[in-house]
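Input: a single structure, listed below in structure tokens.
The values are calculated or read from the model by the stated rules, or taken from the named source; none is laboratory data. As the structure is a computational prediction, the values presented were derived from the model and not from experiment. Backbone-built Cβ (ideal geometry, glycine too); neighbour counts: all protein chains shown. The accessibility values were calculated without ligands, DNA or RNA, using every heavy atom of the protein model including side chains. Shrake-Rupley method; radii C 1.70, N 1.55, O 1.52, S 1.80 Å.
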Amino acid sequence: MSEPAENLSAQDLIDYLAQQENKTLLRFLTCGSVDDGKSTLIGRLLYDTKLLFDDQLATLERDSKKHGTVGEDIDFALLVDGLEAEREQGITIDVAYRFFTTDKRKFIVADTPGHEQYTRNMATGASTADLAILLVDARKGILTQTRRHAFIASLLGIRQIVVAVNKIDLMDFSKDVFETIRDDFTEFARDFGFKQIVAIPLSARFGDNVITRSERTPWYHGPALLDHLETVEVEDEQRAKPFRLPVQWVNRPNLDFRGFSGTIAGGSVRPGDRIVVAASGRTSTVSRIVTADGDLDVAVAGDAVTLTLADEVDISRGDLLVAATDQPEVADQFAAHVIWMSEDHLLPGRPYLVKLGAKTVTAQVTEIKHKIDVNTLDHLAAKELALNEVAVCNFSLSQPVGFDAYAANRETGAFIIIDRLTNATVGAGMIMFGLRRATNIHLQALDVNKSARANLKGQKPVILWFTGLSGAGKSTIANIVEKRLLAEGRHTYMLDGDNVRHGLNRDLGFTEGDRVENIRRVAEVSKLMIDAGLIVLVSFISPFRAERRMARELVESDEFIEVFCDTPLDVAESRDPKGLYKKARAGQIKNFTGIDSPYERPENPEIRLESGAKSVEDLAEEVISLLRGRGIIA
Amino acid sequence: MSRDRKSHLKRLEDESIHIIREVAAEFRNPVMLYSIGKDSSVMLHLAAKAFYPAPPPFPLMHIDTTWKFREMIRFRDETAKRLGFNLIVYTNPEGLAQNVNPFDHGSSYYTNVMKTDALKQALTKYGFDAAFGGARRDEEKSRAKERIFSFRTANHGWDPKKQRPELWNIYNTRIAQGESIRVFPISNWTELDIWQYIMLEDIPIVPLYYAAKRPVVERGGQLIMVDDERLPLEPGEVPQEKLVRFRTLGCYPLTAAIESDAATLPEIVREMLIARTSERSGRLIDHDESGSMEKKKREGYF
Ligand SMILES: Nc1nc2c(ncn2[C@@H]2O[C@H](COP(=O)(O)OP(=O)(O)O)[C@@H](O)[C@H]2O)c(=O)[nH]1
């Protein structure tokens, strides 16, 4: 900030501010491992651009003495620290944003914690940054982390890199040390697509080459860090691209005005330009570019505007308006880089939501082509993706959308992945290219079959076969289990005497033959429901081993779970919820299981519930744990 | 604003408009919280721009603690009318009935009841699922990590584990029934940006920001304005006319004035540029306990 403000007259100040009005904005990201000096560097920039007030400085000096790591000196790192402490409290900090300004530019710094597992956070910070500063400790040189940071920066499309070779004071300001690091970096980053790499020897702690060139590195002829940040060109690229406008909002105050509002995501637009609605292919001509400051002759990338068109075209939120002369891809399948951001793994076939521009659609990953090891860049086979893993995946969307490759346009090639149940943001995607149906063999993965149906529901189908005496608690427990499953978003169905005997099996009585037929039908219906991808809860006394075995053998071995409600006869009889035991004892009901018809105890049930001692909730919980243990639910 | 060059203010303006439109499009029932200060005046101005030529498609809401400066209330009503907003004013009825005030109850209890609780009550009463606020990340060290979209449970609580990463300008706006969000469209503005923008765009602000002779008393080194007869004077305290202004506005008994002769915008900005204390030091509630911002956020104040 300019120091002479004190001496300015009001008019000078107005001029000064007018000049400030033309300041540009640079968003950058700092990456480094713990103790590379990242916080010290950011604190130093804030301090040296005098963005600190007296009360903040007083706090800083006090804290430096108390907690500082640099003796009596001011510890600049204390100005910005605080990320680590919160991490320990279990609070996820993705990114902290810091601000400082000079006469030439305003800066927004994305500061991310430097830990191994923080791919996700770095990606978040990088997504809005134009430039990345990679810190390298001069004593250690290029480390695995440096490589990882460079890879993520390039993945997120950052084209400007500063290699800050920090703590050069501890290496006697050695030219050789600096040049080795610079050359090593340039060598391995050759394929990362960076437009410019600038290496600077620094001492964040003592300020060398941070704001001004240091006399202690006379051999260095490049810019000081701040000089470079103030002058590096970042903006114009986006304007040279083909016109893109994702429609955020249809502005319709009255019947005479119909405007399409959004932030221009590439190129520029003028009244009279031909435009196309990407997905529908309809065309029109721009009539006006409307803003609260008056109509514009031209609007460029980054401008939040409202367009009116010459024709009545059907356009709604989520549509992409594009230059007629240079249109994006439109497809319902594409390949993309994915950074996974959730503890719950990415599972191919599971339906997610994808938000791309202003458009949200259902989507699934049809195939993980390969994972990328962020340290070695090796390609690895994968069936699922865990937190902080990076992969190339094929996506299939519920409808075609317009997009560009991320490499061509960061705005129209980026998307986020949202979990449908928790609404969490679980991943970030960067589109590589569209997949045409005809050439895409992976479409077969979308054949309609048992696994496709189950995948759509995000679950493994299974039969929970509750067996036991009348009054053993089968239906009560099954009901609780079903409620729990439903609450977790599972798709279930319950078959019991009440809903089967009144319809499907109305023609059956209670003779042994009818009982066998009853179970056979229930088993066949369960099998159909398994095919439909459901979790089926069957609650029948089913006293005979043979019928239970028959039911078991209709489905795959891991699709059948026998739940034995093992309640002693006297307990079940004392409950007698429907008064049936009483009637059976009185001889009013014939062939009643446990009284005058046998119950064959299961020999190897998957789970045995002893209902005497425990509550039904606890017993239901045992079933749920079994399902978790078997990976049927998460 | 001039468009031949993409100035930092233009980029901030575009970003804020993008956020405001996104919320209007994706939420069922949004509301804009109006604190009447300079930051929310800028936010209102941006909202008006975002939907031009239509009026903003959501109402304004002011949580009236009954202890705001009188000039703020007057300004509030004028501004809502000028920009075509439908204005909702809400006061905690229980707090009002019990005459909860900063003197008898202490500033922290008072703020809780009249501000935090009142806000939660109002959001519930009207069923708002998104509330715009004018907070900025540069206001305080701990705000640096705040997201633009801040998710709240059905009880308006802030669960740190439920917050979402924000990539590009793509915001995940999905919430479950009963949940809501707070949105901070001017997160990336600094105090200087706000003042420069107010100058450039000629945005009206409450006259209290300009220096004028006002009756004040000095308490614990702070100048408190005697805005009405409700301020209990301590023994020996006599209000004095001083040339003062405010850098931040809130409830008058809790907001300290500074001595200043800056009576025009350029003078205010000049004073800001050479100021030696940060903006929040004039806000008394922040001194109550350290880490109070975090705590207030969890309780639902922000
Ligand atoms: N000698 C020297 N020490 C430094 C330099 N930069 C940072 N440090 C010290 O390195 C340690 C870690 O710095 P810090 O900024 O906390 O690292 P961070 O974990 O990357 O944020 C602190 O003790 C700093 O004082 C430097 O350029 N030279």
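Could you check the range B:98-109 and list, in sequence order, the residues that are in contact (Cβ under 8 Å) with a residue 12 or more places away in the chain and not in a loop (DSSP other than H, G, I, E, B)?
Within the range B:98-109, B:Ser107, B:Ser108 qualify.
Please verify whether the range A:265-275 includes one or more residues that are among the hydroxyl-bearing types (Ser, Thr, Tyr) and either within 23 Å of B:Ser16 (Cβ to Cβ) or more than 16 Å from the ligand (Cβ to nearest atom) (or both).
Initial filter on the range A:265-275 (among the hydroxyl-bearing types (Ser, Thr, Tyr)): A:268.
With either within 23 Å of B:Ser16 (Cβ to Cβ) or more than 16 Å from the ligand (Cβ to nearest atom) (or both) added as a condition, the list becomes A:268.
Yes: one or more hits.
Quick one: in the range A:151-204, of everything that is β-branched (Val, Ile, Thr) and not in a helix (DSSP H, G or I), which residue is nearest to the chain's Cα centre (by Cα)?
A:Ile158
Given A:Gly429, A:Gly413, A:Gly402, which one is buried (at least 16 other Cβ atoms within 10 Å of the Cβ), touching a Pro at 6+ places or on another chain (Cβ under 8 Å) and small (Gly, Ala, Ser)?
Numbers: A:Gly429 fails: touching a Pro at 6+ places or on another chain (Cβ under 8 Å); A:Gly413 fails: touching a Pro at 6+ places or on another chain (Cβ under 8 Å).
Checking each option against the conditions leaves just A:Gly402.
Check the range A:416-425 and report whether any residue there is farther than 20 Å from A:Glu343 by Cα and touching an Asp or Glu at 6+ places or on another chain (Cβ under 8 Å). Break it down stepwise before answering.
Keep residues of the range A:416-425 that are farther than 20 Å from A:Glu343 by Cα, which gives none.
No: zero hits.
Taking the options A:Ser342, A:Ser287, name whichever one is over 30 Å from A:Ile152 (Cα atoms) and either in contact (Cβ under 8 Å) with a residue 12 or more places away in the chain or within 10 Å of chain B (Cβ to nearest Cβ) (or both).
Details: A:Ser342 fails: over 30 Å from A:Ile152 (Cα atoms).
Matching residue, one of A:Ser342, A:Ser287: A:Ser287.
I'm trying to understand the selection: among the residues of the range B:170-192, which are touching a residue at least 40 places away in the same chain (Cβ under 8 Å), closer than 19 Å to A:Gly302 by Cβ and within 7 Å of chain A (Cβ to nearest Cβ)?
B:Asn188
Just to be sure I understand, how many residues within the range B:11-27 are closer than 14 Å to B:Val183 by Cβ and either out of contact with any Leu (no Cβ under 8 Å at 6 or more places or on another chain) or outside any helix (DSSP H, G or I) (or both)? Show your work before the answer.
Of the range B:11-27, the ones closer than 14 Å to B:Val183 by Cβ are B:15-27.
From what's left, either out of contact with any Leu (no Cβ under 8 Å at 6 or more places or on another chain) or outside any helix (DSSP H, G or I) (or both): B:15, B:18-19, B:21-27.
Count: 10.
Exactly one of these conditions fails for B:Ser41: (1) part of a helix (DSSP H, G or I); (2) away from chain A (no Cβ under 14 Å); (3) over 30 Å from A:Val290 (Cβ atoms). Give me its number.
(3)
Can you name the residue in the range A:347-358 that is out of contact with any Pro (no Cβ under 7 Å at 6 or more places or on another chain) and under 26 Å from A:Leu320 (Cβ atoms) and is also surrounded by the most Cβ atoms within 10 Å (Cβ to Cβ) among such residues?
Taking the range A:347-358 first, the residues out of contact with any Pro (no Cβ under 7 Å at 6 or more places or on another chain) are A:347-356.
Right, trim to under 26 Å from A:Leu320 (Cβ atoms) and you get A:351-356.
Working: A:Pro351: 16, A:Tyr352: 20, A:Leu353: 20, A:Val354: 22, A:Lys355: 23, A:Leu356: 25.
The extreme case among them is A:Leu356.
Identify, by number, the condition in (1) part of a loop (DSSP other than H, G, I, E, B); (2) open to solvent by less than 60 Å² (accessible area, probe 1.4 Å); (3) at pLDDT 95 or above that A:Pro218 doesn't meet.
The failed condition is (2).
Of everything in the range A:92-110, what is assigned to a strand (DSSP E or B) and either farther than 19 Å from B:Ser150 by Cα or at pLDDT below 85 (or both)? Give them in sequence order.
Start the filter on the range A:92-110 by keeping residues that are assigned to a strand (DSSP E or B), which leaves A:96-101, A:105-110.
Selection gives A:Phe99, A:Phe100, A:Thr101, A:Arg105, A:Lys106, A:Phe107, A:Ile108, A:Val109.
Look at A:Leu397 and say whether it is among the aliphatic types (A, V, I, L, M) and open to solvent by 50 Å² or more (accessible area, probe 1.4 Å). Steps first, answer last, please.
Values: among the aliphatic types (A, V, I, L, M): yes; open to solvent by 50 Å² or more (accessible area, probe 1.4 Å): no.
Considered against the rule, which asks whether it is among the aliphatic types (A, V, I, L, M) and open to solvent by 50 Å² or more (accessible area, probe 1.4 Å), A:Leu397 comes out as no.
Just one of (1) within 19 Å of the chain's Cα centre (by Cα); (2) within 14 Å of another protein chain (Cβ to nearest Cβ); (3) acidic (Asp, Glu); (4) surrounded by fewer than 21 Cβ atoms within 10 Å (Cβ to Cβ) trips up B:Asp117, so point out which.
(2)
(1) in contact (Cβ under 8 Å) with a residue 12 or more places away in the chain; (2) open to solvent by 20 Å² or more (accessible area, probe 1.4 Å); (3) under 30 Å from A:Asp256 (Cβ atoms): which one isn't true of B:Thr66, the others all being true?
With (1) in contact (Cβ under 8 Å) with a residue 12 or more places away in the chain; (2) open to solvent by 20 Å² or more (accessible area, probe 1.4 Å); (3) under 30 Å from A:Asp256 (Cβ atoms) applied to B:Thr66, the lone miss is (3).
Could you list all residues from the range A:1-40 that are of a type in the set (Ser, Thr, Tyr), farther than 30 Å from A:Leu170 by Cα and modelled with pLDDT of 75 or more?
Step one: list which residues in the range A:1-40 are of a type in the set (Ser, Thr, Tyr), which gives A:2, A:9, A:16, A:24, A:30, A:33, A:39-40.
Okay, now just the ones that are also farther than 30 Å from A:Leu170 by Cα, so A:2, A:9, A:16, A:24.
Listed by number, the list holds a single entry, A:Thr24.
Take A:Thr212 and decide whether it is touching a residue at least 12 places away in the same chain (Cβ under 8 Å) and more than 16 Å from the ligand (Cβ to nearest atom).
Working: touching a residue at least 12 places away in the same chain (Cβ under 8 Å): yes; more than 16 Å from the ligand (Cβ to nearest atom): no.
No.
Of the conditions (1) more than 26 Å from A:Pro246 (Cα to Cα); (2) in contact with a Leu (Cβ under 8 Å, 6 or more places away or on another chain); (3) touching a residue at least 40 places away in the same chain (Cβ under 8 Å), A:Gly402 clears all except one; give me its number.
The one condition A:Gly402 does not meet is (1).
Scan the range A:484-504 residue by residue and report those that are surrounded by fewer than 18 Cβ atoms within 10 Å (Cβ to Cβ) and over 17 Å from A:Val563 (Cα atoms).
A:Leu486, A:Ala487, A:Glu488, A:Gly489, A:Asp498, A:Asn499, A:Arg501, A:His502, A:Gly503, A:Leu504, listed by residue number.
Just need a number here: residues in the range A:374-388 that are open to solvent by less than 50 Å² (accessible area, probe 1.4 Å) and without any contact (Cβ under 8 Å) to a residue 60 or more places away in the chain. Full working, then the answer.
So in the range A:374-388, the residues open to solvent by less than 50 Å² (accessible area, probe 1.4 Å) come out as A:374-375, A:382, A:385-386, A:388.
Adding the requirement that they be without any contact (Cβ under 8 Å) to a residue 60 or more places away in the chain leaves A:382, A:385-386.
Going through the range A:374-388 one residue at a time, the tally reaches 3.
Take the range A:132-147 and flag every residue that is buried (at least 21 other Cβ atoms within 10 Å of the Cβ) and under 26 Å from the mean Cα position of the chain (by Cα).
Across the range A:132-147, the qualifying residues are A:Ala132, A:Ile133, A:Leu134, A:Gln145, A:Thr146.
Could you count how many residues in the range B:122-162 are within 13 Å of chain A (Cβ to nearest Cβ), open to solvent by 20 Å² or more (accessible area, probe 1.4 Å) and not in a helix (DSSP H, G or I)?
5
Looking at the range A:390-507, what helices (runs of 4 or more DSSP H) fall wholly within it and have at least 2 residues that are over 27 Å from the mean Cα position of the chain (by Cα)? Explain how you work it out, then say what you get.
Values: elements: A:450-457, A:474-487, A:497-501.
Hits in the range A:390-507: A:474-487, A:497-501.
Taking the condition crowded, with 18+ Cβ neighbours inside 10 Å, touching a residue at least 12 places away in the same chain (Cβ under 8 Å), closer than 25 Å to B:Leu83 by Cα and not polar (S, T, N, Q), does A:Gly262 pass?
Working: crowded, with 18+ Cβ neighbours inside 10 Å: yes; touching a residue at least 12 places away in the same chain (Cβ under 8 Å): yes; closer than 25 Å to B:Leu83 by Cα: yes; not polar (S, T, N, Q): yes.
It is true that A:Gly262 is crowded, with 18+ Cβ neighbours inside 10 Å, touching a residue at least 12 places away in the same chain (Cβ under 8 Å), closer than 25 Å to B:Leu83 by Cα and not polar (S, T, N, Q).
Would you please name the residue that is modelled with the lowest pLDDT, looking only at residues in the range A:231-278 that are basic (Lys, Arg) and not in a strand (DSSP E or B)? Show your work before the answer.
Step one: filter the range A:231-278 for residues basic (Lys, Arg), giving A:239, A:241, A:244, A:252, A:258, A:270, A:274.
This time we only want the ones that are not in a strand (DSSP E or B), so: A:239, A:241, A:270.
Working: A:Arg239: 85, A:Lys241: 93, A:Arg270: 97.
Restricting to residues being basic (Lys, Arg) and not in a strand (DSSP E or B), the top hit is A:Arg239.
What tally of residues in the range A:167-209 results from selecting those that are in contact (Cβ under 8 Å) with a residue 60 or more places away in the chain and either within 14 Å of chain B (Cβ to nearest Cβ) or within 16 Å of the ligand (Cβ to nearest atom) (or both)?
First, pick out the residues of the range A:167-209 that are in contact (Cβ under 8 Å) with a residue 60 or more places away in the chain: A:167, A:193, A:201-202, A:204-205, A:207.
Of the ones still in play, those that are also either within 14 Å of chain B (Cβ to nearest Cβ) or within 16 Å of the ligand (Cβ to nearest atom) (or both) are A:167, A:201-202, A:204-205, A:207.
Residues flagged as in contact (Cβ under 8 Å) with a residue 60 or more places away in the chain and either within 14 Å of chain B (Cβ to nearest Cβ) or within 16 Å of the ligand (Cβ to nearest atom) (or both) within the range A:167-209 amount to 6.
Return only the number of the condition from (1) outside any helix (DSSP H, G or I); (2) within 10 Å of chain B (Cβ to nearest Cβ) that A:Ala123 does not satisfy.
A:Ala123 satisfies all of (1) outside any helix (DSSP H, G or I); (2) within 10 Å of chain B (Cβ to nearest Cβ) except (1).
Can you name the condition, by its number, that B:Pro53 falls short on among (1) out of contact with any Lys or Arg (no Cβ under 9 Å at 6 or more places or on another chain); (2) open to solvent by less than 40 Å² (accessible area, probe 1.4 Å); (3) within 12 Å of another protein chain (Cβ to nearest Cβ)?
Unmet for B:Pro53, out of (1) out of contact with any Lys or Arg (no Cβ under 9 Å at 6 or more places or on another chain); (2) open to solvent by less than 40 Å² (accessible area, probe 1.4 Å); (3) within 12 Å of another protein chain (Cβ to nearest Cβ): (2).
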